[in-house]
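Accompanying notes for the structure given below.
Bear in mind that the values in this text are calculations on the coordinates, not laboratory data. Please read all numbers here as calculations on a predicted model, not as lab measurements. FYI the Cβ positions are ideal-geometry reconstructions off the backbone, even for glycines, and counts take in every protein chain you see.
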Amino acid sequence: MHELSIAMQIVEIVEEEARKHDSAQVSAVHLEIGTLSGVEPDALKFAMEEAVRHSMAAKADIFYHFIEAVAVCEECCHEFKTQDYFKVCPYCNSINTGFLKGKELKIKSIDIQTN
């Protein structure tokens, strides 16, 4: 379950940012997770509950923003939603496609309570 190591890394980053701002408490954390990021949403939510337990973010609200995967065709330039890594353009059937979004896994914002 790599979600636990991801959750622990998120908490480490959040605490580091809080310390930079001379704060001892985080009130909210907003995460962006792409549908093709390789992260299992329920497992990450469970892991985050454990990871924040004795941290500065113990009382923080954790918000999960899921980003639907979108690809673009290099041949016809159409954009399309996808749920697969191996994507064929639904407009021209080209396999020459790439992702625009949907593989993200990042901290969008941290709400820190300042003293």
Hey, can you tell me all the residues within region 60-115 that are among the aromatic types (F, W, Y), loosely packed, with under 13 Cβ neighbours inside 10 Å and touching a residue at least 40 places away in the same chain (Cβ under 8 Å)? Y85
Of (1) out of contact with any Phe, Trp or Tyr (no Cβ under 7 Å at 6 or more places or on another chain); (2) in a loop (DSSP other than H, G, I, E, B); (3) under 19 Å from K106 (Cα atoms), F66 fails just (2)
Looking for something charged (D, E, K, R), under 19 Å from the mean Cα position of the chain (by Cα) and part of a strand (DSSP E or B) - is there at least one such residue anywhere in region 74-91? yes
For S37, indicate whether it is surrounded by 13 or more Cβ atoms within 10 Å (Cβ to Cβ), over 18 Å from the mean Cα position of the chain (by Cα) and either part of a helix (DSSP H, G or I) or not basic (K, R) (or both). no
Using the structure shown, decide if S5 is within 24 Å of Y85 (Cα to Cα), among the hydroxyl-bearing types (S, T, Y) and out of contact with any strand residue (DSSP E or B) (no Cβ under 6 Å at 6 or more places or on another chain). yes
